[in-house]
Amino acid sequence: MDIVTLAGGVGAARFLEGLVQVVPPASITAIVNTGDDFVLHDLHISPDLDIVTCTLAGLINPQQGWGLDGDSFACLEWLGRLGGPTWFQLGDRDLALHIRRTALLRAGQTLSQVTRQFRQALGVAVEILPMSNDPVPTLIVTPAGDIHFENYLVERRCRDQVLGVRMVDVAAARPAPGVLEAIYQAQLVVLAPSNPVVSIGPILAVPGIRSALLETAAPVVGISPIIGGAAVKGPAVALMQAMGMEASALGVAQAFADILDVFLIDTVDAHLKPAIEALGLTVVVTNTIMRGAVEKADLARAVVAWKISNQSM
Ligand code: FO1
């Protein structure tokens, strides 16, 4: 319960691969976005929970950052032959996760309980918590209507103009058990380099979480997912612009300035340091591009350096 990381998908999972090299995995709690969760093939799919769990289990496809490494696609091929949707690439092992999750949820288990069973079954010591056990699907508002984020991102390949983002019923959602406690008891809280709008945003929108981050004694350290005005992966720029945010490390800092104490930006964005410091944040300029295990660990070390009480900031 030492270090809490707010996590989306691929970028956050890669950061966590570095963090587990630097501190004991059992001292880490990942609070993961569930806005990407959706139903397909009548199965409950939790992309970010699975990306974080399977990455930490060493099972993820390293190039893509999602899907199981070396997975086969026999079932999806047949689903296609039978007229089923194949736009979301689900391998055979991946499908086992969704079949099992759906069965356990239907049997009355919570998403937290299922997530804990899966990470224990896969030998992951990091505590992985969904942001909420209540459904909070993220919809992208487009001229064609409100579409689920995964349909926007994967099926429609980000072609639609983004008019806005809607987190359905987020006001009624409750933080999953252990989420608020982890934030209050943490010695350090990290906002992983995830999409500020559709990964970190939904977590902060769950009632109680943002105020817990404002109140915790732990320093809150963010890592910019935007480098040189671009995202390492995914549609962050289009989504930030749609939300009226500046698509830069400064724009991310402005969005989270109230909860952040420290913000790590990449060396290519060093010129933004004064403007971000003007927001009242301590800025660390470092390499934030995680090409391999060494960069992941180095980034984690730069973050953990702030694992001290807020009082001495
Ligand atoms: N992303 C894609 O761009 N294409 C896919 O076919 C795809 C399949 C997929 C299957 C399981 C899973 O856990 C994630 C998957 N993703 C795929 C990633 C996902 O769409 C997003 O990257 C995350 O939801 C964003 O963090």
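Quick rundown of the values:
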{"item": "Hits among lysines - C-alpha to C-alpha of K307 under 23 Å, sequence gap 8 or more where chains match", "result": "K273, K296"}
{"item": "C-alpha center-to-center spacing [region 198-272, region 52-115] in angstrom", "result": "29"}
{"item": "Charge dipole of region 84-169 about the Cα centre (unit charges at C-beta), most positive-ward option of I140, V126, V165", "result": "V126"}
{"item": "Spin-label pair L122/L79, simplified geometry with 7 Å Cα→Cβ offset, distance in nm", "result": "1.7"}
{"item": "E181-T86 FRET efficiency (beta carbon distance; Förster radius 51 Å; 0.05 resolution)", "result": "0.80"}
{"item": "With every protein chain in place, region 1-63: carbon and sulfur % of accessible area (1.4 Å)", "result": "58"}
{"item": "Spin-label model distance (nm) - A96 vs D146, 7 Å beyond Cα toward Cβ", "result": "3.7"}
{"item": "16 Å tail of the calculated P(r), region 56-143, as % of Cα pairs", "result": "66"}
{"item": "Dipole of region 181-313 [Lys/Arg +1, Asp/Glu -1 at C-beta], most positive-end residue of A217, A275, S199", "result": "S199"}
{"item": "Placed amide H near I223: partners under 5 Å, 5+ positions off or other chain", "result": "L191, L264"}
{"item": "Reduced Cα scattering model of region 204-265, Debye log10 I(q)/I(0), q = 0.23, 0.27 Å⁻¹", "result": "-0.97, -1.12"}
{"item": "Surface accessible to a 1.4 Å probe, per residue, for the residues of the chain, Å²", "result": "41"}
{"item": "Residues whose placed amide H lies under 5 Å from that of A231, excluding near-sequence neighbours", "result": "V237"}
{"item": "Convex hull volume per residue for the chain, taking Cα atoms only, in Å³", "result": "121"}
{"item": "Only Lys, Arg (+1) and Asp, Glu (-1) charged, at Cβ; the chain dipole about Cα centre in debye", "result": "220"}
{"item": "Fraction in percent of alpha-carbon pairs per bin - 5 Å, region 199-313", "result": "2, 11, 20, 23, 23, 15, 5, 0"}
{"item": "Carbon and sulfur %, accessible surface of region 222-272 computed with the full protein complex present, 1.4 Å", "result": "55"}
{"item": "Gain upon complete extension [T267, C158; 0.36 nm per residue less C-alpha separation]", "result": "36.4 nm"}
{"item": "Under the Debye formula (equal points on every Cα, no solvent term), log10 I(q)/I(0) of region 1-147 at q = 0.09, 0.13 Å⁻¹", "result": "-0.28, -0.59"}
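The values are calculated or read from the model by the stated rules, or taken from the named source; none is laboratory data. Everything quoted here is computed from the prediction, not taken from an experiment. With ideal geometry, Cβ positions are generated from the backbone for all residues, glycine too; neighbour counts draw on all protein chains shown. These area figures cover heavy atoms from the full protein model, side chains too; ligands, DNA and RNA do not enter into them. Shrake-Rupley method; radii C 1.70, N 1.55, O 1.52, S 1.80 Å.
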